[in-house]
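Structure first, then comments.
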Amino acid sequence: MKEDRINVRNALIHGDLYTKLSAVFMGAGMLWHGQRIKGILVFILEAAFWFYMITAGFLNLGMLPSLGTQEQGKVWNEAKQIYEYTAGDNSQQILLAGVITCFVIAAIVMLWILQLRHSYHLQKQIERGEKVPGFKQDIKSLFDGNLHITLMTLPCIGILIFNIVPLVYMISMAFTTYSKENDHLILFDWDGLHQFLRVLNMNGNIGRQFWHVLAWTIVWAIFATFLNYILGMILAMVINRKDTKGKAFWRFCFVLSIAVPQFVTLMIMNIMLQPSGAVNVLLKNLGLIKESIPFWTNATIARITIIVINLWVGIPYTMLQVTGILQNIPAELYEASKMDGAGPVRTFFRITLPYMLFVTTPYLIASFVGNINNFNVIYLLSGGGPTYVGDTAGQTDLLVTWLYKLTIEQQYYNLGAVIGIMTFVILTIITLITYRNSSSYKNEEAFM
Amino acid sequence: MENQLKKNRQSPRKRIVNLLVHILLAVLALIWVLPIVWIVLTSFRAEPGAYTNTFLPAGYTLNNYVKLLTDRNVLNFPKMFMNTFIIAICSCAVSTFFVLSVSYSLSRMRFKFRKPYMNLAMILGLFPGFMTMIAQYFILKAMGLTEGASIRIGLIVVYCACTGLGFQISKGFFDTISKSIDEAAIIDGATQWQVFTRITMPLSKPIIIYTVMTSFIAPWVDFIFAKVLCRANSDQFTVAIGLWNMLQKEYIYQWYTCFAAGAVLISIPIAILFLYMQRFYVEGMSGAVKG
């Protein structure tokens, strides 16, 4: 029977008077079908929605296409001998209010669909002569079969308000002129794909910087991920060797460096590697160098330094994470390769590495993503520098640190938003490609 | 005796390899421990300033710690410490509840929204974290949480709000707990809520400790969002911003050794917490990989 299916269409066509009524007065169906309290609550929500829309919502939506037109005015007041400011439109607030209104409307539409379906469902239950659950039973089910609703509502609201709404808001900024350039900080306008074209255009100043930063970001992420992974694995294997004495002690030495908060160690490293910092002093005292090594002012040296320091930060993590997994490698594999006369290097590349890659691909992808978004290491070590005159991005800036500089320091919000979107696109592509080609995705059977 | 015999039986080549391995490990361990030793030594250094002509301090003193804990005029470290402590306690309580609820629901309950939620979490994870930062600031401003003492509430809200996305490790843990206990309890008439609070939670001590500790540590080490939200409100500073400020141009000469002292003071508890929970971290990791 087609009309037995619970959906909005059937509710509107085959629903009884009250079900149909709840298309306008939300909750009416529930009210008459025996769920009074729930019905009234839903109706109150609808009333609140209309109250919001009339007092603010429609206005917000109406302002959205123009993003405000009234400039802040300055009028000379003769009597008081001061400038008086007249309030103008603030496009940033208008955009935020507009985005929030859109979310409120989406929420009410969702509620409308749900309550309509539910009302039709109740109607059918009554027609079949079943008992309609009361309010008390509903509350009880929230702690039993529907426990997930109780547990997940608050976290989901948090994510919605502090992650999804801000993201949509930032994404919409990419299509505006919201920037310190040309003084569009208070009043700005929609700008279409202009900023995207600017970023992608290799001949322009911003575009040139973008491709430079992108190239270095990817080089950095590859080095940081794979060097850490392989060296950390080797360290774990060396410590776990049968003949290594004092395993716990060695492990402790390395773990100690992660136990200290990362931003502390990174700031210390930055100071130690300054031209008159401890490392240069030590090397000079030992007579190894005469001039200080320009760790942070020479682009190439700065890049190498950052990768090396990241090894210092990352190797203990990898060691900690892979130790358990390494011990799961079937011993037969090692014995077989020993019988075939393979040396340790060959065994590593033919057995250990493939096995680990197979098991830890998701972890590798996660750490690759983490490295592309690795703000702390770059920002605290080199601050993105050295920076050439006229550029906003330094030679060691990643897309994220550039994003930070563009938004927080330079207030080029629209460009920052474009960079953020580009980062997301790049990460999505990389994740999809590697994940689909990984053996753990293609073949979920065991290794071998 | 037996060990002695075994050693003698090793071939000379193997012995050399072993020796080399241990020397290598010693060198590496030195590289890893040296910066930490250096900062501890610096915190006791008598002469001020960030840069000196010697690698090791010339004289030692406790004054850096005394100044850090008593000088309340320029950079009020005790106040920052209390700020961070309050924020850490509150956000730890809320985010532990969030993480455990979400990961329990995803691991044990089956509902329509489950797969979409997990996919959504993955997609949201691909956006750079700072993209949302500015917008979060504007939203907090609209809520009136960016001035004076309410900055603290703002920070707590921000540290907790999105923790529901970080469910992977604890979900991996819950997945490894056998479901047959739950099923038996439900046959005996227990509700899902009772299963969650009376059965699963007592079995999940390691992951609860892990979650509590990670969320307690987060406010101590975050300086970016705290910096954006506090701006110039120096009485709301957290420890991380304070330490960061000590290294800025205007303070570094006077405050560098105090920075070292502060770094040592907050690193000790965090290091102890971390060393204690690394076991759970490793277990959670291998659980997550298996699942």
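Please work out whether the protein assembly as shown counts as rounded, prolate or oblate from its C-alpha gyration tensor, where a ≥ b ≥ c are the square roots of the eigenvalues and a/c under 1.5 means rounded, while otherwise a/b larger than b/c means prolate and anything else oblate?
Details: a/c = 1.93, a/b = 1.28, b/c = 1.51.
Oblate, since a/c reaches 1.5 and b/c is not below a/b.
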* Quick one: if you stick a label point 7 Å off each Cα along the C-beta vector at B:MET143 and A:ILE13, how many nm between them? -> 4.5
* If a helix is a whole DSSP H run, which ones in chain B reach 30 Å or further along their own axis (Cα) and hold a mean Kyte-Doolittle hydropathy of at least 1.6? -> B:12-43
* Structure fact -> Mean-square fluctuation maximum in Gaussian network of chain A, Cα pairs under 10 Å, restricted to A:THR387, A:THR86, A:THR265, hits A:THR86
* Structure fact -> Here the averaged projected area of the stretch B:14-129, based on the convex hull of its alpha-carbon atoms and given in nm², is 15.7
* Structure fact -> The convex hull of the Cα atoms of the stretch A:195-442, divided by residue count, gives a volume in Å³ per residue of 167
* **Charge tally in the Cβ shell below 12 Å around A:ASN182, where Lys, Arg are +1 and Asp, Glu are -1, A:ASN182 excluded** => -3
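Using just the helices of the protein assembly as shown, give the 222 nm mean residue ellipticity in deg cm²/dmol: DSSP H runs with n ≥ 4 each add -39,500 (n - 2.57), and the total is spread over all residues, rounded to 500.
Working: 35 runs with 488 residues, N = 739.
So the helix-based figure for the protein assembly as shown works out to -21500 deg cm²/dmol.
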* **Candidate lysines - alpha carbon under 28 Å from A:LYS247, same-chain residues fewer than 8 apart omitted** => A:LYS338, B:LYS6, B:LYS7, B:LYS14, B:LYS205, B:LYS290
* Structure fact -> A correct Stokes-Einstein calculation for the stretch A:59-105, using the alpha-carbon Kirkwood radius, 37 °C and 0.692 mPa s, returns a whole-number D in µm² s⁻¹ of 270
* Structure fact -> Mean-square fluctuation maximum in Gaussian network of chain B, Cα pairs under 10 Å, restricted to B:SER11, B:SER150, B:SER95, hits B:SER11
* Rough spin-label spacing in nm, given labels placed 7 Å along Cα→Cβ, for B:TRP193 and A:ILE433 -> 5.1
* Asked: Using alpha carbons only, how many degrees (0 to 90, rounded to 10) separate the axis of helix A:91-127 from the longest principal axis of chain A?
  -> 60
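Looking at the stretch B:52-134, which trypsin sites (Lys or Arg not before Pro) are DSSP coil and have at most 11 other C-beta atoms within 10 Å of their C-beta?
Values: sites: B:LYS67, B:ARG72, B:LYS79, B:ARG108, B:ARG110, B:LYS112, B:ARG114; in loops: B:ARG72, B:ARG110, B:LYS112.
Those that pass, being in a loop and sparsely packed, are B:ARG72, B:ARG110, B:LYS112.
From the Cα trace of the stretch A:265-345, what convex hull volume per residue do you get, rounded to a whole Å³? Walk me through the intermediate numbers first.
Details: hull volume 12.4 nm³, N = 81.
So the per-residue Cα hull volume is 153 Å³.
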* Structure fact -> Beyond 23 Å (Cα-Cα) in this structure, taken from A:LYS405/B:LYS249; A:LYS284/B:LYS67; A:LYS20/A:LYS131, we find A:LYS284/B:LYS67
* Rounded to 10°, Cα long-axis angle of helix A:247-259 versus longest principal axis of chain A -> 50
* Between 0 and 90°, nearest 10: helix A:299-326 axis offset from chain A longest Cα axis -> 80
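Can you divide the C-alpha Rg of chain B by 2.2 N^0.38 Å and report the result to two decimal places?
Values: Rg = 24.7 Å, N = 291, 2.2 N^0.38 = 19.0 Å.
Against the empirical 2.2 N^0.38 Å value, I get 1.30 for chain B.
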* Considering only B:PHE97, B:PHE173, B:PHE113, give the residue with the highest GNM mean-square fluctuation for chain B, with springs between Cα atoms whenever their separation is below 10 Å. => B:PHE113
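Could you work out the equivalent-ellipsoid semi-axes for the stretch A:2-141, taking the square root of 5 times each eigenvalue of the Cα gyration tensor, largest first, in whole Å?
Values: eigenvalues 463, 46, 23 Å².
Largest first, the stretch A:2-141 gives 48, 15, 11 Å.
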* By what distance, in whole Å, do the Cα atoms of the stretch B:13-61 stretch along each of the three principal axes, largest value first? -> 51, 16, 15
* Compute the FRET efficiency between A:ILE149 and A:ARG5 as 1/(1 + (r/R0)^6), taking r as their Cβ-Cβ distance and R0 = 22 Å, and round to the nearest 0.05. => 0.40
* To do: Convert each backbone phi in the stretch A:384-395 into a coupling constant with the Karplus relation 6.51 cos²θ - 1.76 cosθ + 1.60 (shift: θ = phi - 60°), then list the ³J(HN,Hα) values in order as whole Hz, x for Gly and Pro.
  => x, x, x, 10, 7, 4, x, 9, 9, 9, x, 6
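Using a simple charge model, +1 on the beta-carbon of Lys and Arg, -1 on the beta-carbon of Asp and Glu, nothing else, what dipole does the stretch A:25-98 show about its Cα centre, in debye to the nearest 20? List each step's numbers first, then the result.
Values: 4 positive and 5 negative charges, 81 e Å.
That gives a dipole near 380 debye.
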* **Cβ-Cβ FRET estimate between A:GLU335 and B:ILE153, R0 fixed at 45 Å, reported to 0.05** => 0.15
* May I ask for the net charge around A:TYR388, where only other residues with Cβ less than 13 Å from the Cβ of A:TYR388 are counted and Lys, Arg are +1 while Asp, Glu are -1? => -1
* **Approximate spin-label separation B:LYS227-A:ASN201, in nm, with each point projected 7 Å along Cα-to-Cβ** => 3.2
* Which of the aspartates and glutamates could be linked to B:LYS115 by a straight reach, that is with a Cα gap under 17 Å, when you skip same-chain ones fewer than 8 residues away? -> B:ASP175
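Coordinate-derived values only; no laboratory data. Fair warning: this is a prediction, and the values are worked out from it, not measured in the lab. Here Cβ is always computed from backbone atoms with ideal geometry, including for glycine, and neighbour counts include all displayed protein chains.
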